[in-house]
Amino acid sequence: QVQLVESGGGLVQVGGSLRLSCAASGRILSINTMGWYRQGPGKQRELVAAITSGGATNYADSVKGRFTVSRDNAKNTLYLQMNSLKSEDTAAYYCNADMMTTWGTRRDYWGQGTQVTVSS
């Protein structure tokens, strides 16, 4: 089995910080791009940040300057450091990874999500 498990979500006040983690496990041969998506109440799912295996990153305009995406390739783990949080950041955050399994399958895999709630 191949899976992604997110952690680190919670309730924080406006202006606070939170760090999300996503650990990939299972029969993984390689991981290309990994990314964070989010879906707020009444909104469509959107890309928040992504990072390639080589470390190249891209961010949604709404989070540039506030969020930082990183990864530890040795641990197959993705991170999202979120600073200066706003109410608009409230959403379920999902981890995504483009992975090649040891049995020859390559596709995007998704985690179950972790909730981030920003309150005033």
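Would you mind stating whether residue 42 is open to solvent by 50 Å² or more (accessible area, probe 1.4 Å) and either in a loop (DSSP other than H, G, I, E, B) or touching a helix residue (DSSP H, G or I) at 6+ places or on another chain (Cβ under 6 Å) (or both)? Yes; evaluated as a whole, the condition is true for this residue. Every test in (1) more than 11 Å from the chain's Cα centre (by Cα); (2) of a type in the set (D, E, K, R); (3) open to solvent by less than 20 Å² (accessible area, probe 1.4 Å) is passed by residue 27 save one, and that test is (3). Any residue in region 56-79 that is without any contact (Cβ under 8 Å) to a residue 60 or more places away in the chain, open to solvent by 40 Å² or more (accessible area, probe 1.4 Å) and either touching a Gly at 6+ places or on another chain (Cβ under 8 Å) or in a helix (DSSP H, G or I) (or both)? Yes, there is a match, as at least one residue in region 56-79 is without any contact (Cβ under 8 Å) to a residue 60 or more places away in the chain, open to solvent by 40 Å² or more (accessible area, probe 1.4 Å) and either touching a Gly at 6+ places or on another chain (Cβ under 8 Å) or in a helix (DSSP H, G or I) (or both).
For region 80-90, which residues satisfy the criterion of being within 17 Å of residue 19 (Cβ to Cβ), in contact with a Ser or Thr (Cβ under 7 Å, 6 or more places away or on another chain) and open to solvent by 50 Å² or more (accessible area, probe 1.4 Å)? Within region 80-90, 81, 83 qualify. Looking only at region 91-120, residues that are among the small types (Gly, Ala, Ser), in a strand (DSSP E or B) and open to solvent by 80 Å² or more (accessible area, probe 1.4 Å) come to 0 in all. Among the criteria (1) surrounded by fewer than 16 Cβ atoms within 10 Å (Cβ to Cβ); (2) in contact with a Cys (Cβ under 9 Å, 6 or more places away or on another chain), the one residue 6 does not fulfil is (1).
Among the candidates 50, 24, single out the residue that is small (Gly, Ala, Ser), in contact (Cβ under 8 Å) with a residue 60 or more places away in the chain and either assigned to a strand (DSSP E or B) or touching a strand residue (DSSP E or B) at 6+ places or on another chain (Cβ under 7 Å) (or both).
Values: 50 fails: in contact (Cβ under 8 Å) with a residue 60 or more places away in the chain.
Selected residue: 24, the only one of 50, 24 that is small (Gly, Ala, Ser), in contact (Cβ under 8 Å) with a residue 60 or more places away in the chain and either assigned to a strand (DSSP E or B) or touching a strand residue (DSSP E or B) at 6+ places or on another chain (Cβ under 7 Å) (or both).
The values are calculated or read from the model by the stated rules, or taken from the named source; none is laboratory data. Just so you know, these numbers come straight off a predicted model, no measurement behind them. So basically every Cβ, Gly included, is an ideal-geometry build from the backbone, and we count neighbours across all protein chains shown. These area figures cover heavy atoms from the full protein model, side chains too; ligands, DNA and RNA do not enter into them. Shrake-Rupley method; radii C 1.70, N 1.55, O 1.52, S 1.80 Å.
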